[in-house]
Amino acid sequence: MNATDVAVFTKLTGASALTTLLSGGTASVFNWVGPQNTDPPYVIFNVQSPSVPVRTLTGVAYENLIYSVRGVTVGPTTAAAGTIATQINVALDDKALSITGFTLMYLRRVQDIDFPEIVAGQQYHHRGATYRILAR
């Protein structure tokens, strides 16, 4: 994981109101995909748009990234996924984030994520949001 991945992971696993909703607590936060045979509920986060440097005439003013962070649940309703999505937002939106080698300018929710998935007859729900990270 890069420095921003580590910072997001640390922020999510440090949010006890979030991790108490997950099947394995802090061990249920995954970068990109959950391991096979891992039962929901869990959280998946990943970079949606890698760093796009915003430049000035003299160099890079700041880095601009977008992360996808979503809760994954299984069952007939989206209620549990919605509760997890709310706690993800409480942990991240307009909060401090310590990224090694950078100074955070802001961390802000951009757009909600909400979609179902059916795998082997099981209905999974993905709910969360994308978050913009600006850091210099």
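Label reach from Q122 (point 7 Å along Cα→C-beta): in segment 16-47, amide nitrogens under 11 Å belong to 36-42. The H on the amide N of I113, modeled in the peptide plane, is under 5 Å from the matching H of G128, A129, T130, each at least 5 residues off or on a different chain.
Farthest toward the positive end of the dipole of the chain, out of N31, F102, A3, is the Cα of F102, where the dipole comes from beta carbon charges about the Cα centre.
Helical content of the chain, expressed as a calculated mean residue ellipticity at 222 nm, amounts to -6000 deg cm²/dmol (DSSP H runs of 4 or more residues, -39,500 (n - 2.57) each, divided by residue number, nearest 500). Seen against the Cα atoms of the chain and their longest principal axis, helix 79-92 is set at about 20 degrees. Across segment 64-69, coupling constants 3J(HN,Hα) worked out from phi with the 6.51/-1.76/1.60 Karplus curve, θ = phi - 60°, read 10, 10, 10, 10, 9, 9 Hz, and Gly and Pro carry x. Amide H to amide H, with H built 1.01 Å from N, L22 comes under 5 Å of no residue 5 or more places away or on another chain. Considering only Y131, T56, V74, the residue lying farthest towards the positive end of the dipole of the chain is T56, judged by Cα position with unit charges set on Cβ. In this Cβ point-charge picture (+1 for Lys and Arg, -1 for Asp and Glu), segment 3-135 has a dipole of about 260 debye about its Cα centre.
Work out, step by step, the length gained on full extension between A17 and Q111: first 0.36 nm times the residue separation, then minus their alpha carbon distance; give nm to one decimal.
31.7 nm
Over segment 3-135, what is the relative contact order in percent, taking alpha-carbon pairs closer than 8 angstrom and at least six residues apart? Once normalised by length, the contact order is 24 percent.
Just so you know, all these numbers are worked out from the coordinates, no wet-lab data involved. Just so it is clear, the structure is predicted and the values come from calculations on it, not from any experiment. Virtual Cβ from ideal backbone geometry, glycine too; neighbours counted across all protein chains shown.
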